[in-house]
Every structure is written in structure tokens, then in C-alpha cells.
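In what follows, a single structure is set out as C-alpha cells and then discussed.
The values are calculated or read from the model by the stated rules, or taken from the named source; none is laboratory data. Because the structure is predicted, anything quoted here is derived from the model rather than measured. Heads up, the Cβs are rebuilt from the backbone with ideal geometry, glycines too, and the neighbour counts pull from every protein chain shown.
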Amino acid sequence: MPGGVGEPAMRHSKIFPLLFVFLLPALVYAQGAGKEWDKLNQETKDLYHAGKYDQALLVAQKSLQVAEQNVGPNHSDVATSLNNLALLYNTQGDYAKAEPLYKHSLAISEKALGPDHPDVATSLNNLAEFYRTQGDYAKAEPHYKRSLAIWEKVFGPDHPNVARGLNNLAGLYYSQGNYAKAEPLYKRSLAISEKALGPDHPDVATSLNNLAGLYSTQGDYAKAEPLYKRSLVISEKALGPEHPDVAGSLNNLAFLYDTLGDYAKAEPLYKRSLAIREKALGPDHPDVATSLNNLALLYKTQGNYAKAEPLYKRSLAIREKTLGPDHPDVAGSLNNLAFLYDNQGDYAKAESLYKRSLVISEKALGPDHPDVARGLNNLAGLYYSQGNYAKAEPLYKRSLAISEKTLGPDHPDVATSLNNLAGLYSTQGDYAKAEPLYKRSLAIWEDALGPDHPNVATSLDNLAALYRATKRNAEAEPLEKRAARIRADK
């Protein structure tokens, strides 16, 4: 919240906690196009999981050629190769190439196998996930729903694939801030997985992880912690202590402690997660960049900028090398490094990085993506810190408009934009403009995150500060007391 009458502006660090796992690997396997094709598909898989995307892309292209030569252009194995090639382009942020391949794969599968075949459901799921990552939730939802309906029809309501479909649809609702819709789907997914696969299966760990992430986002840390811990125990038991999925679980539990300000617990978990990933995946894997980013964020939060900066820089270098300079994750790394410089008052460095991050996001994701809204918010916050309110205001307004359009009027990100715009007006003494924005922001956070979330406390303090600035002390006092109670309970 821009300061003056409240706390500093809410910015967004791009966090890569792997909080939510979308099940059903997008790499698909089939048989029929010959042994060479099978071998190429396996090689594609191995290179993909090793983070060697450029090499994997070349092998996937060869796989497609072999399939088309051996079984013709309309065979389901060609659909498989198209799907896998699409995944690689998608991973590298080349969305213009990925989308038509996903669509072509789906069309072939529907024609060759029929509209209700499980492979069609997988293609629908992958296309839905493509749309979700781009923030096109209106396109994603019907694809997720149709995919889920096919799996339920073919396998019955208690099959693991149904659990995975429910998990992915829940993840969509989570992305939209619709936590009330997401929670029962995550719970049903968990129940199916436990019943069908047993309580110690990795898919159960994933469901526990995702439900924990939902509770953590809502500020219900007491519910989240035991789920994260159980997820970690299952992963270690089922996969071994050095598996990359264990690193993901460690990362998520660390992120919870980081959020709670328990840095002594968070740091060793982040470090162990990083060590596992470096050993299992190699020093230049994107997941290593994620661990570096999150450890850097921990140090930044503690004010240890000297430790944070080289980690952010190494994370950025890995992403640029493995994903290319125009990938959204590169934008995220640039944003985080900018945020570090912003916190240190090095506004010239921060501004150039924020701007480059924003350009990449707009180019890769389109001008109306939530990541663009967050980038605009951060750049506006920088200008606010410099007292350049004329530059800050239109950016805050555009950020708010994008968030409302893409996420809906009741999403927590909308509350953040409203809060920051209100803070800008308060700082300028325009309390008549600020007050309704603060009130709407508060209402959204209370509804979406619950009445005891830290953001609610922040919002209460900001509104109370406005009341005091306008000589309404009697209205301010109960808000301040309530905010203090929320913080005391955390």
C-alpha cells in the first residue's frame, strides 16, 4: 500500500514454489509407429525431465517425422508426437507454435479414436493447461470439464484419472481465486486417490500438497502445515530422499515457514531442496533456478541483500540459458531482481529490469494476462516510491483493469490493486477517492481469504489510518484493535 497513510506498497515477487502440481504428464506414449519411434519418444521424455529442452525438441521433431512416415498423418501415434512437441514449445514459452500443435493433436485423436477415448481426454487436459498458463481461463474451463467427463464415463467416478482431472479443475479455480469451488474438488481428488491407490502413493502426496497450498493462500496455516508434512513423508517413503519430487515438497514446506516468518525453519529446507535438485537434475535445470529464486527471496525478506542478489542472478542466468530470453519465467526472475534493487533504493537499476520484465510478459502472454497486471503494479510502486504519482496512477489503473477482466472482480489480486491505488490517493490527500477503494479491497480479502488473514489486517490498518487522517478517530480505533488481534494470533 503506498505509504503515508498505510504500509509500503504491495508489490509482487514472482514466487516459484511449485505449490500446485497439475497431474497427468503431458508427455503421452502410444505404440504402433515402430521401435525407432518408441526409442525417440523415450529419449524425448528423458531429455525433457533433464531440462534439456533444445535437445528434446530436436528428438521430438524427428519422432513426428518417423510417425508420419510409418503410419500416415492421421494416426493416433502422430497425435502423440504432436502433443509432445507442443509440450516442449509450451515449456520454452513458444506459445504461438504450441497451440496449433495441441489442437492438431486433439483433432487427430478425436477422429482416429472417437470423441470419448481416454487419449482424447488427455489431449483436452493438455490444451486446457495451455490456456490456464496463459490466463485464458474461459477457454481452459470447458476443456478441463470435458476431459474430466470422459474419464468419469470411461473409468467410473473412483478412478485415479478422475482424481487427476478433479485436481486440475481445482487448480484452475484456484488460479481464478475461486477457493470455494477449488476446495471440494481437491478434497474429492484426495479421497479418490487414497481409496484407489492407497494412503502412501505419490498422487496422494500431490493432492495433500495442493490442498495445503490452498489453505496456505487463504492464511489457514494451521491446516496447511500438517498436510505439507504428510505429503513430504509420503514422497520420501515412496520415491526416496533424493528424488526431485521430495525437493518440491521440501520447497513448499519451506515456503510456508517463510510466509510465517519462521526463517530458521525455512532456510535449511530450501537449501536441502536446492541440493537435491542440483544433484538429481544438474546445475542448470529450471527447477534449480526455482530453488535459487526462493532461497534468494528468503534472504531478501530478511534484508540480507548481499546473499540474495547472486542467487537471483544465477536463477536468471539458468532460465535465460534453458528457456530463452523471452520466456515468462525469465520475466519473473527479472521482476524479482528489480524488486531487490527497488528495496535497496537503487531505482535506476530496478526500473530498467521492471520494464524488461513487463515487455517479455506482454509479448509472451498478451497484454491482458495477470502477470502483466502484476508487472504494472510493481512498476507503479517504483514510481510511487520516487514520488512520481503522475506516472504511477495510470499503471495502477491499468493493472486493476486487467485483474478485474481476467480474474474477476472478487480475486485477491484485484484487492491488491484497489489497495495500492487507494494508497496513492491517500498519500496525495484525496481521501474521498481512496476510502471506497480501501473498503472494497477489505471486503474482497475478507471474503476470499477469510477474516483473519494478514492481508485483512493490513487493509484494516490502512483504512484506520485514513480515518485518523480525516479526524475520525472513533472509527479508526476498532479497526486498529482488530488488526492487532489478527497479527497476535498468527
Item to check | Candidates V162, V154 - the one that is over 18 Å from A86 (Cβ atoms), modelled with pLDDT of 95 or more and crowded, with 18+ Cβ neighbours inside 10 Å | outcome: V162
Checklist entry - Which of the residues that make up the range 165-197 are closer than 19 Å to H411 by Cβ, modelled with pLDDT of 95 or more and of a type in the set (S, T, Y)? => result Y186
Checklist outcome for this item: Checked N125, N83 against criteria (of a type outside the set (A, V, I, L, M, F, W, C), surrounded by 17 or more Cβ atoms within 10 Å (Cβ to Cβ), within 21 Å of the chain's Cα centre (by Cα) and farther than 18 Å from L323 by Cβ); the one match is N125
Item to check | Close pairs (6 angstrom Cβ cut-off, 6 or more residues apart or separate chains): within 15 Å of Q69 (Cβ to Cβ) and of a type in the set (D, E, K, R) in the range 30-45, buried (at least 17 other Cβ atoms within 10 Å of the Cβ) and modelled with pLDDT of 90 or more anywhere | outcome: E36/V66
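Per-residue answers, yes or no, for (1) more than 21 Å from N377 (Cβ to Cβ); (2) at pLDDT 95 or above; (3) out of contact with any helix residue (DSSP H, G or I) (no Cβ under 9 Å at 6 or more places or on another chain):
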| position | (1), (2), (3) |
| --- | --- |
| L281 | yes, no, no |
| T301 | no, no, no |
| A306 | yes, yes, no |
| A350 | no, yes, no |
| R356 | no, yes, no |
Item to check | Failed item, numbered, when Y102 is tested on (1) closer than 30 Å to L334 by Cβ; (2) modelled with pLDDT under 50 | outcome: (2)
Item to check | Test: A443 is at pLDDT 95 or above, closer than 21 Å to A182 by Cα and either surrounded by 20 or more Cβ atoms within 10 Å (Cβ to Cβ) or not hydroxyl-bearing (S, T, Y) (or both) | outcome: yes
Checklist entry - Can you find even one residue in the range 457-465 that is surrounded by fewer than 23 Cβ atoms within 10 Å (Cβ to Cβ) and under 27 Å from D258 (Cβ atoms)? => result yes
Next on the checklist: What are the pairs with Cβ atoms under 6 angstrom where one residue, in the range 304-328, is closer than 12 Å to T290 by Cβ and in contact (Cβ under 8 Å) with a residue 24 or more places away in the chain and the other, located anywhere, is in a helix (DSSP H, G or I) and acidic (D, E)? Sequence gap at least six, or different chains.
Outcome noted: R319/D329; L323/D329
Checklist outcome for this item: Restricting attention to the range 50-82, the residues that are part of a helix (DSSP H, G or I), in contact (Cβ under 8 Å) with a residue 24 or more places away in the chain and not acidic (D, E) number exactly 16
Checklist entry - From the set of residues in the range 405-440 that are charged (D, E, K, R) and closer than 19 Å to K181 by Cβ, which is surrounded by the most Cβ atoms within 10 Å (Cβ to Cβ)? => result D413
Checklist outcome for this item: In the set A280, A238, A266, the lone residue that is under 30 Å from A448 (Cβ atoms) and aliphatic (A, V, I, L, M) is A266
Next on the checklist: Quick check on the range 474-485: of everything there that is touching a helix residue (DSSP H, G or I) at 6+ places or on another chain (Cβ under 7 Å) and surrounded by fewer than 20 Cβ atoms within 10 Å (Cβ to Cβ), which residue is nearest to L260 (Cα to Cα)?
Outcome noted: R482
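Test Y312 against the criterion of being surrounded by fewer than 24 Cβ atoms within 10 Å (Cβ to Cβ) and more than 24 Å from I444 (Cα to Cα), and give yes or no.
Spelling it out, it is not the case that Y312 is surrounded by fewer than 24 Cβ atoms within 10 Å (Cβ to Cβ) and more than 24 Å from I444 (Cα to Cα).
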Next on the checklist: Take the conditions surrounded by 24 or more Cβ atoms within 10 Å (Cβ to Cβ), in contact (Cβ under 8 Å) with a residue 60 or more places away in the chain and hydroxyl-bearing (S, T, Y) and apply them to Y396. Does it pass?
Outcome noted: no
Checklist entry - Is it the case that L407 is under 30 Å from L323 (Cα atoms) and in contact (Cβ under 8 Å) with a residue 24 or more places away in the chain? => result yes
